[in-house]
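Asks: Following this message is one structure expressed as structure tokens.
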Amino acid sequence: MDLQGLVAIWVGKVTILASRLLGKGGSTFPGRVARRIDPDLLRKLAHLPKQGNVMVSGTNGKTTTARMISSILEAAGLKVVHNRAGANLLVGITAAFLAKASWWGSLEADLGLVEVDEATVPAAARELAPRLAVVTNFFRDQLDRYGELEHTFSFIREGLELLPAEGNAILNADDPLVASLVEFSPAQVTFYGLEDASLASQEEETRDVRFCRHCGERLDYGQTYYAHLGWYRCPGCGFRRPDLDYAVRQTIRGSRGSRLEILTPRGELEAEISVPGVYNIYNALAAVATTMSLGISREVVAKGLQAFVTSFGRMEHLLIRNREVFLALVKNPTGFNAVIKTLLEGEERKNVLIAINDKYADGTDISWLWDVDFERLATAEERVNFILTSGIRAEDMAVRLKYAGFPVEKLAMQNDLGSALEEGLTRAGEGGTLYILPTYTALLEIREVINKLGYGRRFWQE
Amino acid sequence: MSDLKISVCHLYPDLMNLYGDRGNIIAFTRRCQWHGIETKIQSVTLNQVVDFAEFDFIFMGGGQDREQQAICYDFQQVKGTSLAEAVEAGVALLGICGAYQLLGRYYKTGEGEELPGLQILDVWTEAGDRRMIGNIVEESDLFPGRAKTLVGFENHSGRTFLGPKVRPLGRVLVGYGNNGEDGTEGAAYRHAIGTYLHGSALPKNPWLTDLLIAWSLERRYGAVTLSELDDEIEERAHQAAQRRAQETWGKIKAGVK
């Protein structure tokens, strides 16, 4: 490390310490300060990891995919530099490297794992010189930031063009736009996708990608799993969903997540993930394809994936009709308690919708509700405007809250999830916040309702 | 009605706490509070010597087999006699699932070995090879005036049979019950009830809770008429559970998950 770099590191690290003392997160600011002293700092730090860098990009699923990869790399015993907090612009990436660097400018790391915002991909690819890039999907939800999808496409394309010939590009074959990147990659392309009819969506999906990128013809979609992700073919030029290198062949979805059978170039892999949702199956598959391409064994990949857990209380966040909506799956007393704790953080008064189903995937016995510490919610009752209970066992949930000591006048029951969502949004009011806490199948139902309202793709956002 | 007190014993809360059974304690004490009755709860666990006749209500939830063995020994050696005397003296008791089995004469394992129980209830249990899981609805004539339905969720493989000294808590309308054969569920003897109902059992069956509260008061205060409570939410939950039992039972029979 040259002197300019060292000074940048020192100042950056002092800034990290100072931010911590001031109680700030420090996920980007130290990076900004250090880059001002040495604009080349990330480039210098990025070639220190012994096995190079991995870049994860795409519209949705970046954070989760990167965290799953990280979990697998850890299971493989590798030391990883990772912008975990999801600060995915150059300053945030620099700050992540800075935090791991020593005061002498060395870096004890085997691999850099970097989640990159789409517009940052070209610059990040130049500075990080990644050996592997993952592209998850393209969705139109950031229209206001990047203009059109074609624009986003060109950012990613530019990044892929910088990959070395001996590198890897891991692409989601089920997204026609992502698959179209294949011709721009000098590196070997690996395709992943789903081959499990049981995961196919029964709904009329909104398709952000409707036309063939090569000839402009309208794409024919076959089975799709989520929005425009699935099987497609162009009647004009014959472009179609590529053959898969990594494919989910079979899925058992349960209350604790999913069990996946994945076909890989090195044989079958069985893996369990502890997060629900088709989009998390995609995330897991991307992580499997990435880490196996890095040479990690099937056994370690399965182990690492299983070890991955989303932090309890971590909530999905979306905006519906000017209401902020937080969504957190609840499935057991420990998780529910953590969600209640998170819910009660912050001073503003809360509007809450709890949806309890008792289908097979939820667990048919809802006795566990009596092991959840709703008394805590009742004690903080003056900070809760209302609790709406919904789902097949809405009444059971209401009884539980009544016996926890929550005031009955602030309770309402509405079995139908669509109506409950409607009522919750109305009562939360313009500019208000609604917390939705559903069990597994209730979450899927709510997701469907929200998809129909046209807000579905936001679920994928971190 | 004033100055009524109920002393509650929660037996093995650390070991017998499966399937939300603590909801029964929550429901019992809440309803006492709403009825204007003061409650005092004492937890009693392994190796603690107590005189059970000093309590008015004793509750014990279900447990896993492992815990049940430790309790079995403690029951026999430390607590059995006192507990049996208390029940004879009219102390109210509710035992769920594993506790219900332990209160009986014996539990016969798959190998034919008979593990002796407390002999407080004239029932015996035999290991079964299928698990009886699902929503359950039964009709009980334990209540003064008219028969009442009880709802819950059962999850057991032991098959329990009733002797002549007990009467069933209820007749099964939907579900398996004691053994999946004779249509009975649970057992009642004096003021003691054993049952397979989880759910938790008491919150959605407020009349059962009130019956236990009245029984708990009887020894000290004679027959007490409890105040009327607004049970609208409980009754709606009770009805919803009945509907759900009918739906899911149809599916169980059809072999669909």
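Asks: In the stretch A:379-399, what count of residues is obtained for those that are within 11 Å of chain B (Cβ to nearest Cβ) and in contact (Cβ under 8 Å) with a residue 24 or more places away in the chain?
Replies: So the first thing to find is which residues in the stretch A:379-399 are within 11 Å of chain B (Cβ to nearest Cβ), and the list is A:389, A:391-399.
From what is left, the residues that are in contact (Cβ under 8 Å) with a residue 24 or more places away in the chain are A:389, A:391-394, A:396-397.
Residues flagged as within 11 Å of chain B (Cβ to nearest Cβ) and in contact (Cβ under 8 Å) with a residue 24 or more places away in the chain within the stretch A:379-399 amount to 7.
Asks: Of the residues B:V137, B:V123, B:V151, which is buried (at least 22 other Cβ atoms within 10 Å of the Cβ) and within 14 Å of chain A (Cβ to nearest Cβ)?
Replies: B:V151
Asks: Just name the residue that is most open to solvent (accessible area, probe 1.4 Å) out of those in the stretch A:91-127 that are assigned to a loop (DSSP other than H, G, I, E, B), at pLDDT below 95 and charged (D, E, K, R).
Replies: Across the stretch A:91-127, the extreme among qualifying residues is A:E108.
Asks: What do you reckon, is A:L285 in contact with a strand residue (DSSP E or B) (Cβ under 8 Å, 6 or more places away or on another chain), open to solvent by less than 10 Å² (accessible area, probe 1.4 Å) and modelled with pLDDT under 95?
Replies: Numbers: in contact with a strand residue (DSSP E or B) (Cβ under 8 Å, 6 or more places away or on another chain): yes; open to solvent by less than 10 Å² (accessible area, probe 1.4 Å): yes; modelled with pLDDT under 95: no.
Spelling it out, it is not the case that A:L285 is in contact with a strand residue (DSSP E or B) (Cβ under 8 Å, 6 or more places away or on another chain), open to solvent by less than 10 Å² (accessible area, probe 1.4 Å) and modelled with pLDDT under 95.
Asks: When you scan the stretch B:55-120 for strands (runs of 3 or more DSSP E) that lie fully inside it, which ones turn up with 2 or more residues that are touching a residue at least 60 places away in the same chain (Cβ under 8 Å), within 29 Å of B:D210 (Cβ to Cβ) and open to solvent by less than 10 Å² (accessible area, probe 1.4 Å)?
Replies: By residue number, B:92-96.
Asks: Sticking with this one: Quick one: how many residues across the stretch A:354-367 are crowded, with 19+ Cβ neighbours inside 10 Å, within 10 Å of chain B (Cβ to nearest Cβ), in a helix (DSSP H, G or I) and not aliphatic (A, V, I, L, M)?
Replies: Adding up the residues that qualify gives 1.
Asks: Let me spell it out: the conditions are (1) part of a helix (DSSP H, G or I); (2) over 30 Å from A:V209 (Cα atoms); (3) away from every other protein chain (no Cβ under 11 Å), and A:E422 meets all of them except one. Which number is the exception?
Replies: Condition (2) is where A:E422 drops out.
Asks: Starting from the stretch A:206-226, keep only residues that are under 12 Å from A:G238 (Cα atoms), then list their pairs with residues that are assigned to a loop (DSSP other than H, G, I, E, B) and open to solvent by 80 Å² or more (accessible area, probe 1.4 Å) whose Cβ atoms are within a distance under 9 Å, requiring at least 6 positions of separation or different chains.
Replies: Taking only residues 6 or more apart or on different chains, the pairs are A:R218/A:R210; A:L219/A:R210.
Asks: Consider the stretch B:1-32. How many of its residues are in contact with a strand residue (DSSP E or B) (Cβ under 7 Å, 6 or more places away or on another chain), open to solvent by 10 Å² or more (accessible area, probe 1.4 Å) and within 16 Å of A:G405 (Cβ to Cβ)?
Replies: 2
Asks: I would also like to ask the following. Tell me yes or no: at least one residue of the stretch B:196-216 is in a loop (DSSP other than H, G, I, E, B), surrounded by fewer than 22 Cβ atoms within 10 Å (Cβ to Cβ) and either charged (D, E, K, R) or at positive phi (or both).
Replies: For the stretch B:196-216, residues in a loop (DSSP other than H, G, I, E, B), surrounded by fewer than 22 Cβ atoms within 10 Å (Cβ to Cβ) and either charged (D, E, K, R) or at positive phi (or both): absent.
Asks: So, one more: I need the full set of residues from the stretch A:171-199 which are within 19 Å of the chain's Cα centre (by Cα), surrounded by fewer than 24 Cβ atoms within 10 Å (Cβ to Cβ) and assigned to a loop (DSSP other than H, G, I, E, B), in order please.
Replies: Scanning the stretch A:171-199 gives no hits.
Asks: In addition: For the stretch B:163-181, enumerate the residues that are under 13 Å from B:W124 (Cβ atoms) and open to solvent by 20 Å² or more (accessible area, probe 1.4 Å).
Replies: B:P164, B:K165
Asks: If you check B:A214 against the conditions, is it among the small types (G, A, S) and either touching a Ser or Thr at 6+ places or on another chain (Cβ under 7 Å) or at pLDDT 95 or above (or both)?
Replies: In short, yes.
Asks: Let me ask you something else. Considering only the stretch B:127-179, how many residues are farther than 29 Å from B:E113 by Cβ, under 15 Å from the mean Cα position of the chain (by Cα) and not in a strand (DSSP E or B)?
Replies: Counting residues in the stretch B:127-179 that are farther than 29 Å from B:E113 by Cβ, under 15 Å from the mean Cα position of the chain (by Cα) and not in a strand (DSSP E or B) gives 1.
Asks: Do the conditions hold for B:G36, that is, is it among the small types (G, A, S), more than 14 Å from every other protein chain (Cβ to nearest Cβ) and surrounded by fewer than 16 Cβ atoms within 10 Å (Cβ to Cβ)?
Replies: Criteria met by B:G36.
Asks: Let me ask you something else. Need pairs with beta-carbon distance below 9 Å; first residue over 15 Å from A:V121 (Cα atoms) and surrounded by 24 or more Cβ atoms within 10 Å (Cβ to Cβ) and within the stretch A:57-73, second modelled with pLDDT of 90 or more and of a type in the set (K, R); sequence gap 6+ or separate chains.
Replies: A:I72/A:K303; A:L73/A:K79
Asks: Continuing with this model, one more query. Give the number of residues within the stretch A:284-301 that are farther than 19 Å from A:G193 by Cβ and assigned to a helix (DSSP H, G or I).
Replies: Residues that pass the stated criteria total 2.
Asks: Continuing with the same structure: Filter the stretch A:368-378 down to residues that are of a type in the set (A, V, I, L, M) and within 13 Å of another protein chain (Cβ to nearest Cβ) and give me whichever is surrounded by the most Cβ atoms within 10 Å (Cβ to Cβ).
Replies: A:L369
Asks: Only one of B:G163, B:G128, B:G183, B:G199 is modelled with pLDDT under 95 and over 30 Å from A:V372 (Cα atoms). Can you tell me which?
Replies: B:G128
Asks: Which pairs turn up if I take residues in the stretch B:229-245 that are more than 9 Å from every other protein chain (Cβ to nearest Cβ) and look for partners that are open to solvent by 40 Å² or more (accessible area, probe 1.4 Å) with beta carbon separation below 7 Å, at least 6 apart in sequence or on another chain?
Replies: Correct list of pairs: B:L229/B:W34.
Asks: Follow-up question, since we're still on this one. Of everything in the stretch A:128-142 that's modelled with pLDDT of 95 or more and surrounded by 24 or more Cβ atoms within 10 Å (Cβ to Cβ), which residue is nearest to A:D40 (Cα to Cα)?
Replies: My answer is A:L128.
Asks: Can you pull out the residues in the stretch A:400-419 that are hydroxyl-bearing (S, T, Y) and within 11 Å of chain B (Cβ to nearest Cβ)? Spell out how you get there, then give the answer.
Replies: Applying the first criterion (hydroxyl-bearing (S, T, Y)) to the stretch A:400-419 yields A:403, A:419.
A:Y403, the sole residue that qualifies.
Asks: Would you confirm, using the coordinates I've provided, whether A:F386 is at pLDDT 95 or above, assigned to a loop (DSSP other than H, G, I, E, B) and not β-branched (V, I, T)?
Replies: For A:F386, the condition - at pLDDT 95 or above, assigned to a loop (DSSP other than H, G, I, E, B) and not β-branched (V, I, T) - is not met.
Asks: May I ask you to verify whether A:L48 is modelled with pLDDT of 95 or more and among the hydrophobic types (A, V, I, L, M, F, W, C)?
Replies: yes
Asks: Right, next: Condition check: under 19 Å from B:Q101 (Cβ atoms) and either at pLDDT below 95 or within 18 Å of the chain's Cα centre (by Cα) (or both). Does B:F55 satisfy that?
Replies: Against the criterion (under 19 Å from B:Q101 (Cβ atoms) and either at pLDDT below 95 or within 18 Å of the chain's Cα centre (by Cα) (or both)), B:F55 does not qualify.
The values are calculated or read from the model by the stated rules, or taken from the named source; none is laboratory data. The model shown is predicted, which means the values in this text are computed figures rather than measured ones. Cβ: placed from backbone, ideal geometry, glycine included. Neighbour counts: every protein chain shown. Side chains are part of the model used for accessible areas, which takes the heavy atoms of the whole protein and leaves out ligands, DNA and RNA. Shrake-Rupley method; radii C 1.70, N 1.55, O 1.52, S 1.80 Å.
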